[in-house]
Amino acid sequence: MSASAPACVIVGGGHAGAQCALSLRRLGWSGRITVVGDEPIHPYHRPPLSKGYLKGEATFDQILIRPVSVYAQQAIEFRLDARVVEIDRAKRAAILADGAALAYDKLVLATGSHNRKPPIEGIDLPGVHLLRTANECDTLRGAIAGASRALILGGGFIGLEVAASLRRQGREVTVLEREPRILSRVTSPEMAKVLHGIHREEGVEIHTGVTVSAIRRGAGLYRVETKEHAEYAAELVVAGTGAAPNTLLAEAAGLAVDNGIRVDAACRTSDPDIFAIGDCTCQHHPMYERDIRLECVQNATDQARTAASAIAGHPIPPRALPWFWSDQYDIKLQMAGLSNGYDDMVLRRHPGLPRSLSAWYFMGERLIAVAAVNDAIAYTVGSKLISLGKAVDRTRIADPNVDIKTLMDNVRGASS
Ligand SMILES: Cc1cc2nc3c(=O)[nH]c(=O)nc-3n(C[C@H](O)[C@H](O)[C@H](O)COP(=O)(O)OP(=O)(O)OC[C@H]3O[C@@H](n4cnc5c(N)ncnc54)[C@H](O)[C@@H]3O)c2cc1C
């Protein structure tokens, strides 16, 4: 590569960083690409850390985003175990912790998010686990081997996935959730109730409306105390208490930040030569007519492709519909769209199949989101209907005798 070739420096070697580098090459960008990642390993899929990898069902090589050799073939350089500590916008350089300066023509911030640590006495005790990196997952796996009981702080997706993985490994599991119900931030009360019931059937104890006040260690056990004067004991504690975007670098560089690094439709920050993608961003979504910050693989991947298109001079793809999945026991939950603000919800159940259902969320006439448990067809049809933005017959959705695929025929018929 000639010394005069343009340079793109990508800060963060996670989902978004890896995808952006690969997309730049696929789009024919011939400049130099350097990914700086503060983990000592190449990019890997994080979702298995609370699922298959945690249960020992997948090796680390199997969760790599691409085999390491692919990056060399694509002339994508990596600086691993290296941290960008400053962006010098005047000199257009990313400064590493060891003082090295990487000159850039385009800079991409793909710094992800970090686990929120609740201000609880004892949260930093060794043996109270957070889960974000493969390294933390390896440590947790080691601890699971010597534990018969586990306490999970937080009944969000990560907490519940860890609960399911530990139950599958025969551990006694108790989940403590501060809110009056599990999944309060991410799904409706009805869907949360269904998932709560499934965890109960699987033998997980869930306590909602409890605020942990302290964690103490003694005699090989962790004792978790709550403000409601209850006490729980286990050999293992995992905190799944939410995430916050990594924005310090951007803030220090004077970029616009508000609940994430602000980006436009092309994933450009307030500096036209600096892009931001993935968990660390906040972007307007035209379909939902508001600014949103998403923590999911879909968003990381799609924003990476968008930034790569802008850098490589290609048209910007339209903003994608958000989607997310979660695996717990024999449950695959798939969600398309965002249900926040819905004013009506239709549940579709299948007689004789208690673990297969879907929830369809409406705002006025518009279908805005679908969450499907073990029902891939409902998820697929729902996704298409949301994107089409057409009115859908709610009584037909609720009727299990109606083939859900025919909803698409009606829409096509109505619009033709
Ligand atoms: C346990 C777990 C389970 C999950 N399950 C699901 C799921 O089932 N479905 C789903 O859609 N999503 C899931 N997610 C969320 C998903 O993994 C994230 O949305 C996705 O990883 C975001 O990608 P990203 O590249 O923005 O951030 P990340 O993948 O977090 O990568 C950011 C990287 O940047 C590094 N970094 C930060 N600052 C610097 C710096 N200054 N210099 C160098 N490097 C830096 C970070 O250390 C990290 O390696 C899960 C996440 C976790 C933790």
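Here the Kirkwood formula puts the hydrodynamic radius of the stretch 32-162 at 17.3 Å, using every distinct Cα pair.
Against the criterion of solvent-accessible heavy-atom surface with a 1.4 angstrom probe, 172, 289, 179 sort, most first, into 289, 172, 179. For residue 405, a cut-off of 24 angstrom between C-alpha atoms picks up these lysines, skipping any fewer than 8 places away in its own chain: 332, 384, 390.
Heavy-atom surface analysis with a 1.4 Å probe gives the chain a carbon and sulfur content of 51 percent of its accessible area. Here's the picture: charge each Lys and Arg Cβ at +1 and each Asp and Glu Cβ at -1 in the chain, and of 147, 5, 166 the one pushed furthest to the positive end of that dipole is 5. Listed by chain and number, the lysines whose alpha-carbon sits under 26 Å from that of residue 227, ignoring those within fewer than 8 places in the same chain, are 117, 193.
For 403, 375, the ranking by accessible surface with the largest value first comes to 403, 375, using a 1.4 Å probe. Ellipticity at 222 nm from helices only: DSSP H runs of n ≥ 4 in the chain, each -39500 (n - 2.57), divided by the residue count, give -7500 deg cm²/dmol.
With the convex hull drawn around the C-alpha atoms of the stretch 308-416, the volume per residue stands at 129 Å³. Please report how far the C-alpha centroid of the stretch 294-323 lies from that of the stretch 382-396, rounded to the nearest whole angstrom. First find each Cα centre; the distance between them is then 24 Å. Taking all protein chains into account, the per residue accessible area for the chain stands at 44 Å² (1.4 Å probe). Excluding residue 47 itself, what net charge comes from residues whose Cβ is under 14 Å from its Cβ, given Lys and Arg +1 and Asp and Glu -1? Around residue 47, the surrounding residues sum to 0. These residues, 394, 348, go from largest to smallest accessible area, 1.4 Å probe, as 394, 348. Residue 325 sits with roughly 60 Å² accessible to a 1.4 Å probe, with DNA, RNA and ligands left out of the calculation. A straight Cα-to-Cα reach below 29 Å connects residue 106 with the lysines 91, residues fewer than 8 places away in its own chain not being considered. Taking a span of 15 Å or more along the helix axis (Cα atoms) and a mean Kyte-Doolittle hydropathy of at least -1.0 as the rule, the DSSP H helices of the chain that qualify are 15-26, 134-145, 157-168, 189-201, 297-312, 376-388.
Quick one: net charge around residue 274, please, counting Lys, Arg +1 and Asp, Glu -1 for every other residue with C-beta under 10 Å from its C-beta. Combined, the nearby Lys, Arg, Asp and Glu give +2.
The values are calculated or read from the model by the stated rules, or taken from the named source; none is laboratory data. Treat the numbers as computed from the prediction; the structure is a model and nothing was measured. Note: ideal-geometry Cβ built from the backbone for every residue, glycine included; neighbour counts use all protein chains shown. Remember, those area values only see protein heavy atoms, side chains included, never the ligands or the DNA or RNA. Shrake-Rupley method; radii C 1.70, N 1.55, O 1.52, S 1.80 Å.
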